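Worksheet: one structure, shown below.
Here, each number is a calculation from the coordinates, and none is a lab measurement. Model, not experiment: these values are computed from the prediction. Positions of Cβ are backbone-derived with ideal geometry, glycine not excepted, and every protein chain shown enters the neighbour counts.
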Amino acid sequence: MKTIGVNLWSLMPMTFNFQKPDYELYKAVADMGSEYIDFIEDYMPCHPHPDLAEIGSVKARVKEYGLKIGQIWFYTDILGGAYLTSKQHMVNQLQEFLYIAREMDARFMCIPLILNSPGKSMEEGYSPYVDMLTQVLPLAEKLDIPITIEYARPGLPQMALKMAKEVRSKYLTLTPDFEAWRIATEDIPLVHVESQSSVSGPEPIELFYEALPYSRNIHAKLLAFDEHGEEPHFPIAGLMNAINESDDDHHLCIEYEGWIPDINPQLDCVTETRKCVDLLKRYLI
């Protein structure tokens with residue numbers, strides 16, 4: 001089964017620029033014809049700890065619009081957190097995230113693959129990162145909420161695949177982000193905020209194929225469209241062919257990011273996100 005969800009990240013200008021209440025974002029997602037809505041923690045009543053009454057209210061409103069919740073995304077640097085506090089503190093935090101995801105009836109709890117920590121390389125960060133995750137997997141299995149690891153930068157697909165193959169648990173899955181396969185174009189330079197002077201990527205499409213058996217969740221990052229409604233900044237046809245050819249279930253979480261100041265902040269994020277939904281539906285068999 002292949003499903004499509006709209007990440008609320010895609011509609012953040014409704015909040016930033018127009019101060020729309022959250023339920024208007026839910027309605028916008030429903031009006032696009034998406035079955036799923038995907039949350040980021042900015043829209044979750046979980047700071048510093050979950051408010052069960054508010055979580056219940058959010059969940060009920062989502063259901064009013066006929067939507068189901070795909071991922072709950074927590075942008076947490078567990079290595080950095082362990083450096084500042086302790087590994088056990090971060091294990092406890094991951095467990096709390098899982099309970100929040102379960103309470104929201106989400107399909108996945110998603111966190112980023114950040115392997116750098118102060119003074120250490122990605123290779124050095126790998127083992128403590130995996131150690132913290134494996135301590136949480138029994139709870140993930142008990143709650144039936146897979147932890148899915150998102151990676152969006154060149155160099156990370158290899159590390160993510162290594163992790164999935166070594167841990168070998170259906171509760172530790174991957175979330176490849178289209179960003180790792182972005183193509184250099186004249187309008188949007190192939191650089192990232194943490195490496196603005198360097199150009200790297202895209203990763204080989206073979207690494208996307210190889211990740212699919214471990215990838216229940218996929219971040220469909222999309223930036224801008226041409227006059228034909230196509231997205232020229234990614235090898236969309238190749239990525240979607242890989243997904244269509246896969247025998248596994250995949251959830252495509254749309255992350256429209258063209259609203260940021262250095263791309264197309266003047267465009268309506270709802271209209272552009274709807275283009276994302278239409279694009280993926282055209283490609284899905």
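Some points to look at:
- Calculated FRET value between residue 120 and residue 31, using beta carbons and R₀ = 41 Å, to 0.05: 0.35
- Modelled label reach - residue 230, point 7 Å along Cα→Cβ, segment 259-285 residues with backbone N closer than 19 Å: 275-285
- Cβ-Cβ distance of residue 282 and residue 85, R₀ of 45 Å, FRET efficiency by 1/(1 + (r/R0)^6): the value works out to about 0.45.
- Proportion of all alpha-carbon pairs of segment 2-283 beyond 24 Å (%): 50
- Here the calculated FRET efficiency for residue 127 and residue 96, from their Cβ-Cβ distance with R0 = 35 Å, stands at 0.90, rounded to the nearest 0.05.
- Cross-link partners of residue 275 among lysines (Cα-Cα below 16 Å; sequence separation of 8 or more within a chain): 221
- Cα centroid of segment 240-282 to Cα centroid of segment 1-72, whole Å: 16
- Loop exposure criterion: chymotrypsin sites (Phe, Trp or Tyr not before Pro), DSSP state outside H, G, I, E and B, at most 13 other Cβ atoms within 10 Å. Applied to the chain, the longest stretch between such sites is 76-285.
- Relative contact order for segment 185-285, counting Cα pairs under 8 Å that sit 6 or more residues apart, in percent: 27
- Shown in residue order for segment 237-252 are the 3J(HN,Hα) couplings computed by the Karplus curve 6.51 cos²θ - 1.76 cosθ + 1.60 at θ = phi - 60°: 4, x, 5, 6, 4, 4, 5, 5, 6, 6, 7, 8, 7, 9, 10, 9 Hz (x for Gly and Pro).
- For the chain, the relative contact order works out to 20 percent when only alpha carbon pairs closer than 8 Å and six or more residues apart are counted.
- Volume in Å³ per residue [convex hull over Cα atoms, computed for segment 1-48]: 83
- Rg over Rh, two decimals, segment 1-92 (C-alpha only, Kirkwood Rh): 1.04
- Close amide H pairs (under 5 Å, H built 1.01 Å from N) link residue 150 with 111, 113, 175, residues at least 5 positions away or on another chain.
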